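Q: Take a look at the following structure, please.
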Amino acid sequence: LQATHKDLERNNHIEVEKRRTYAAMVSSMDDGIGLILDKLEEKKITDNTIVIFFSDNGGVEWYNFSDNGILRGIKGDFFEGGIRVPFTMQWPKKIKPGTTYDKPIIALDVFATVASAASAEKYIKNEIDGVDLLPYITGKKSGLPHEYLYWKNPDKEIDVVRDERYKYLRIKSDEYIFDLKNDISEETNIIDSSKPIYDRLKSQFKNWEKDMIDPVFLDLGSGKEYNKLNPDRWFNSSQEKQ
């Protein structure tokens with residue numbers, strides 16, 4: 001964690017050092033985003049420019065003293081604290097200010113949404129998993145962008161699938177069913193009283209998994225294994241490459 005003295009001073013009311021540094025970094029990011037939005041105004045193109053802002057994952061509370069609130073888990077987890085994030089979109093010409101959309105979406109939808117907005121679908125050669133969100137946000141379409149959302153981490157032996165209300169989570173040999181409508185903190189595993197929900201969600205996951213290929217890349221933490229498989233990964237400029 002690193003921050004400028006100016007940004008640290010702006011947050012000197014925060015006593016915990018790491019949280020103060022984290023807040024200072026967020027302040028700096030806010031300033032940067034503000035400069036971009038100001039430039040859009042200056043160029044008079046705000047009304048017809050899509051601005052999307054979201055986080056890639058939840059915070060790592062023990063490391064940087066971020067705060068996931070009532071959500072269980074942290075970055076790297078597949079509890080809501082790891083995967084449920086803030087998401088905002090601005091396009092004044094198309095999206096009414098103050099609009100709130102509360103149906104499940106996923107980061108994969110960003111590409112599909114901007115491709116559609118730019119009329120670029122004809123250039124997309126492969127099938128994509130994301131959904132154009134604009135018809136749902138503007139009310140032109142009802143229903144759900146996704147009936148189910150899926151996650152899988154083979155290295156950690158984690159499977160996840162959720163619908164609008166319920167979520168199935170497997171971590172190695174442990175399995176969970178959570179009612180996200182009434183238990184967003186995932187405090188109560190209702191698997192013993194929810195066999196039909198369990199069977200449906202697990203079946204959906206298995207059907208989805210059949211279409212998946214094996215991971216092409218090693219996990220981010222597998223640098224040593226990757227080096228063994230690719231001994232010429234790094235080139236030493238002081239030596240002639242073999």
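The values are calculated or read from the model by the stated rules, or taken from the named source; none is laboratory data. This is a predicted model, so every value here is computed, not measured. Here Cβ is always computed from backbone atoms with ideal geometry, including for glycine, and neighbour counts include all displayed protein chains.
Q: Filter the range 185-235 down to residues that are of a type in the set (D, E) and at pLDDT 95 or above and give me whichever is nearest to the chain's Cα centre (by Cα).
A: E186
Q: Something else about it: Hand me the list of helices (runs of 4 or more DSSP H) wholly inside the range 1-84 holding 2 or more residues that are small (G, A, S) and either crowded, with 16+ Cβ neighbours inside 10 Å or at pLDDT 95 or above (or both).
A: Qualifying helices (runs of 4 or more DSSP H): 17-42, 80-83.
Q: Now for a different question. Does the range 8-22 hold any residues that are touching a residue at least 12 places away in the same chain (Cβ under 8 Å) and under 16 Å from D67 (Cβ atoms), and which are they?
A: Of everything in the range 8-22, those that are touching a residue at least 12 places away in the same chain (Cβ under 8 Å) and under 16 Å from D67 (Cβ atoms) turn out to be N11, V16, K18, R19, R20, T21, Y22.
Q: Residue under question is V114, and the condition is that it be closer than 19 Å to V85 by Cβ, surrounded by fewer than 19 Cβ atoms within 10 Å (Cβ to Cβ), in contact with a strand residue (DSSP E or B) (Cβ under 7 Å, 6 or more places away or on another chain) and outside the structural domain of N207 (by TED's automatic domain parsing); does it hold?
A: no
Q: Take the conditions within 24 Å of G81 (Cα to Cα), free of Cβ contacts under 8 Å to residues at least 24 places away in the same chain and surrounded by 10 or more Cβ atoms within 10 Å (Cβ to Cβ) and apply them to I184. Does it pass?
A: no
Q: Exactly one condition in (1) within 26 Å of D174 (Cα to Cα); (2) touching a residue at least 40 places away in the same chain (Cβ under 8 Å); (3) surrounded by 15 or more Cβ atoms within 10 Å (Cβ to Cβ) is false for L133; which is it?
A: Only one criterion is unmet by L133, namely (1).
Q: Considering the range 101-123 alone, what residues qualify as being hydrophobic (A, V, I, L, M, F, W, C) and part of a helix (DSSP H, G or I)?
A: Correct list: L108, V110, F111, A112, V114, A115, A117.
Q: Then there's this: Looking only at the range 85-96, how many residues end up being among the β-branched types (V, I, T), assigned to a strand (DSSP E or B) and over 24 Å from V161 (Cα atoms)?
A: Number of matching residues: 0.
Q: Among the residues of the range 136-158 satisfying the criterion of being among the aliphatic types (A, V, I, L, M) and over 16 Å from W208 (Cα atoms), which is surrounded by the fewest Cβ atoms within 10 Å (Cβ to Cβ)?
A: L144
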